[in-house]
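Working notes, beginning with the structure itself.
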Amino acid sequence: MKRPLALVAILTVTLTACADPGEEASSDPTANAWVLEAGTVDGVDIPILDDHPITLVFNTEDGTAGGTSACNQYFAAYTLSGSDLTFDDAGSTMMACEPPEVMDAEAAYLEALSLVELFTIEDGQLNLSGVDADLVFVVDESATQS
């Protein structure tokens, strides 16, 4: 009986060693702070404005996510199960920002976030997708610097 268990252990170690080394370490979207690099909602590009970033940070303690949505701070409960990821309707602060493209980016992003159903992480990018919505994030380096 010990021989089959030893064989299983050897196969497990061998298969783990053959796996993509970054695959397991980067499979948790909650492990990083993210900044939006590109996105679409209903086939229209979400404006990306350098001086008004869109960010996403997960709080695993209370099951909420939030960040900056170009102008305002936003927050929403999220549900994560396997590769399924959904967000409840987001709440936000209520400031107005100029130029008008900032508010356009914010509205489009929050709409896209509400449509998210799945996530993948590939090549260091967090990809969120759903019907008529695609969001591509990269690690927010400014959030990791002290």
> Which of the residues spanning the range 103-117 are of a type in the set (D, E, K, R) and in contact with an Asp or Glu (Cβ under 7 Å, 6 or more places away or on another chain)?
Replying inline: E117
> Of all strands (runs of 3 or more DSSP E) completely enclosed by the range 101-143, which ones contain at least 3 residues that are surrounded by 15 or more Cβ atoms within 10 Å (Cβ to Cβ) and either at pLDDT below 95 or touching a strand residue (DSSP E or B) at 6+ places or on another chain (Cβ under 7 Å) (or both)?
Replying inline: 125-130, 133-139
> Among the residues of the range 123-142, is there at least one that is of a type in the set (D, E, K, R), under 13 Å from the mean Cα position of the chain (by Cα) and more than 16 Å from T30 (Cβ to Cβ)?
Replying inline: yes
> Which of (1) of a type outside the set (S, T, N, Q); (2) farther than 17 Å from M103 by Cα; (3) modelled with pLDDT of 95 or more is the odd one out, the single condition F75 does not satisfy?
Replying inline: (2)
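Please specify each residue of the range 39-65 satisfying the condition of being part of a loop (DSSP other than H, G, I, E, B) and hydroxyl-bearing (S, T, Y).
Of the range 39-65, the ones part of a loop (DSSP other than H, G, I, E, B) are 42-43, 46-48, 50-51, 53, 60-63.
Correct list: T60 only.
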>> Just to be sure I understand the filter: pairs with C-beta atoms under 7 Å, separated by 6 or more residues or on different chains, first member in the range 126-144 and farther than 7 Å from V116 by Cα and touching a residue at least 12 places away in the same chain (Cβ under 8 Å), second member among the charged types (D, E, K, R) and not in a helix (DSSP H, G or I). Which pairs pass?
In response: D132/D42; V136/E37; F137/E37; V138/E37
> Looking only at the range 66-100, which residues are on the phi > 0 side of the Ramachandran plot, crowded, with 18+ Cβ neighbours inside 10 Å and part of a loop (DSSP other than H, G, I, E, B)?
Replying inline: A70
>> Consider the range 42-65. How many of its residues are surrounded by 14 or more Cβ atoms within 10 Å (Cβ to Cβ) and either closer than 14 Å to E111 by Cα or without any contact (Cβ under 8 Å) to a residue 12 or more places away in the chain (or both)?
In response: 3
>> Of everything in the range 61-99, what is within 16 Å of A33 (Cα to Cα), under 12 Å from the mean Cα position of the chain (by Cα) and not hydrophobic (A, V, I, L, M, F, W, C)? Give them in sequence order.
In response: G66, G67, Y78
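The values are calculated or read from the model by the stated rules, or taken from the named source; none is laboratory data. Fair warning: this is a prediction, and the values are worked out from it, not measured in the lab. Methodologically, a virtual Cβ is constructed for each residue, glycine included, from the backbone with ideal geometry; neighbour enumeration extends over all protein chains shown.
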